[in-house]
Amino acid sequence: MAEDLFIPKLGQTVEEVVLINWLIKDGAKVDFGDPVLEVETDKAIFNVEANAKGFIHFGPFEIGETVPVLTVVATIGKADEAFSPKSAGDLEESEEEAALPQKQEEKPQTPGGEERTSQASREKIFASPRAKKLAAKEGVDLAHISPTGGEGIRIIEQDVVDYLQQKPKATPLAAALAKEVGLDISGLVGTGPQGALTRSDIKNEIRSRLSQAANTGAAFETGKNIPYTALNLREKQPLSPIRKRIFERMSQSVHTTARVTLTTEADVTDLVSLRETLVVEKTETWGVKIGYNDLIGIILVQRLKEFPYMNARLSQDGHAYEHLNEVNLGIAVDTERGLLVPVVKKADRLSLASFGKKYRELVEKTLSGKACSDDLTGGTFTLTNLGYYDIDAFTPVINLPEVAILGVGRIQGKVVPYQSGIAVRKIITLSLVFDHRLIDGAPAAKFLQSLKKSLESPSKIID
């Protein structure tokens with residue numbers, strides 16, 4: 001009997017993946033452990049390996065499609081077999097299943113008389129392809145539909161049909177506007193003939209939700225954008241899992257923190273000289289060519305140990321300010337798939353050489369999409385450097401649940417006062433962004449001042 005090949009659990013928070021690329025051809029012979037499929041999560045790209053020996057037969061999924069974890073995407077069996085999963089899972093229901101009466105438990109009625117399954121009671125929505133297709137066509141949110149297939153946990157096409165029949169009547173113009181903005185009209189009360197929803201009703205609901213979003217800082221909850229002036233569209237790209245994750249985390253950070261930015265300039269002429277000396281004298285011995293992120297990072301780690309209130313986070317319940325013993329330094333990396341932050345764990349226990357090696361290892365894994373969830377989580381403070389792009393100063397977004405982040409600009413020659421005269425010195429701009437709810441301005445300024453002085457006299461960082 002053929003073995004099901006399913007998308008494995010790739011982390012506690014990973015609920016779905018994007019199919020990136022089949023590494024073998026449909027019908028090819030595979031052995032146990034052979035990489036057969038590349039998938040992308042919101043953090044990295046992973047290989048799915050064959051879990052049996054035989055011939056692989058692909059399921060009805062397209063590259064670029066998003067599927068839930070544990071979905072059966074292929075079967076491995078004999079050469080003359082076709083895709084034939086043991087369990088229906090997320091696959092299209094058979095004609096026999098569609099023809100049979102579905103067992104349906106009584107469910108509590110909503111105020112509008114419509115049956116719903118609480119989103120909290122089913123963390124992941126499972127639906128057949130036909131159900132998904134019909135829901136997408138009609139602009140229906142699957143979270144509002146009560147499932148009857150697969151013992152009451154999977155939405156089938158008939159569930160969507162039943163739901164559509166229960167939706168309130170709407171005029172053609174009202175229905176078109178609601179569909180355009182992704183507004184679920186179930187539960188809305190119309191003012192038109194026989195209670196039908198009119199275009200004015202839809203506009204009023206949109207205004208109400210926009211007003212609520214403005215007052216609470218939440219997103220406009222329709223699923224799509226408000227209609228805007230049509231333009232000559234060059235390209236339209238769906239948000240990747242990583243971009244969706246960045247979108248969510250950035251919005252959460254901006255809406256929930258009281259961000260304050262402090263900037264200062266540091267004379268890093270001696271730091272530049274030190275780096276040049278280390279490149280010449282230590283590259284071969286240490287096995288790593290020390291860069292500015294290594295030097296700034298290790299100095300930053302030392303200052304975080306001295307000022308523990310900066311190496312902190314807001315507790316999970318939001319009621320405590322936690323100072324942390326270990327310094328896990330996250331360093332932002334620009335990748336083709338979006339901004340990611342690999343974390344150098346226990347950086348306060350590393351020498352400059354060890355820090356440099358670990359940092360490069362993480363960057364390489366991150367750029368290649370091979371970084372695992374553990375590589376990209378657990379940070380206590382984040383460093384982001386845009387000096388390579390000729391940026392002087394900027395306001396980075398705090399990487400929650402951390403309480404601060406340091407932005408580093410380019411190193412440039414400037415004519416400045418120096419030893420009772422003037423000289424051309426190497427100057428860098430530092431931008432410290434902190435959450436004023438947890439850290440006051442003066443303590444944050446003391447930390448930044450100390451960091452500035454350490455960067456200007458960097459000799460102590462060498463063991």
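No value in this document is a laboratory result; all are computed from the given coordinates. This structure is a prediction, so every number in the text was calculated from the model and none was measured. With ideal geometry, Cβ positions are generated from the backbone for all residues, glycine too; neighbour counts draw on all protein chains shown.
Against the globular-protein guess of 2.2 N^0.38 Å, express the Cα radius of gyration of the range 367-463 as a ratio, rounded to two decimals.
Relative to the 2.2 N^0.38 Å estimate, the range 367-463 comes out at 1.31.
Length gain on complete extension for the stretch ASN204 to LYS346, per 0.36 nm per residue less the alpha carbon to alpha carbon distance?
Full extension from ASN204 to LYS346 adds 45.7 nm.
Treating cross-link reach as a plain straight distance, find the lysines whose alpha-carbon is under 26 Å from the alpha-carbon of LYS446, omitting any fewer than eight places away in the same chain.
Cα-Cα hits under 26 Å: LYS305, LYS345, LYS346, LYS414, LYS426, LYS460.
Give me, ordered by chain and number, the residues 5 or more places off GLU15 or on other chains with an amide H under 5 Å from its own placed amide H.
Result for GLU15 returns nothing.
Checking the a/c ratio against 1.5 first, then a/b against b/c, what shape does the Cα gyration tensor give for the range 244-461?
It is oblate, given that a/c is not under 1.5 and a/b is not larger than b/c.
What does the highest-first list of 14-26, 126-138, 235-247 look like by mean Cβ count within 10 Å?
The packing order, highest mean first, is 126-138, 14-26, 235-247.
Output ³J(HN,Hα) for the range 173-183: one whole-Hz value per residue in order, computed from phi by the Karplus curve 6.51 cos²θ - 1.76 cosθ + 1.60 with θ = phi - 60°, and x for Gly and Pro.
Working through the residues one at a time gives 5, 5, 4, 5, 5, 4, 5, 5, 9, x, 8 Hz.
Order these by the 10 Å Cβ neighbour count, fewest first: ASP440, ASP317, ASP4, ASP267.
Starting with the residue having the fewest Cβ neighbours, the order is ASP317, ASP440, ASP267, ASP4.
VAL48's amide H: which non-local residues (gap 5+, or another chain) put their own amide H closer than 5 Å, with H modeled 1.01 Å from N in plane and none for Pro or chain starts?
VAL36, LEU37, GLU38, VAL39
Under a straight-distance cross-link criterion of Cα-Cα below 19 Å, which lysines are reachable from LYS25, leaving out those fewer than 8 residues away in the same chain?
LYS53, LYS78
Subtract the Cα-Cα distance of THR283 and THR256 from 0.36 nm times their separation in residues, and report this length gain in nm to one decimal.
5.3 nm
For the range 3-90, take every pair of Cα atoms, bin their distances at 10 Å starting from 0, and report each bin as a whole percent.
19, 54, 25, 2
Counting DSSP beta bridges in the range 320-463, what percent are antiparallel, to the nearest 5?
Antiparallel bridges make up about 70 percent of those DSSP assigns within the range 320-463.
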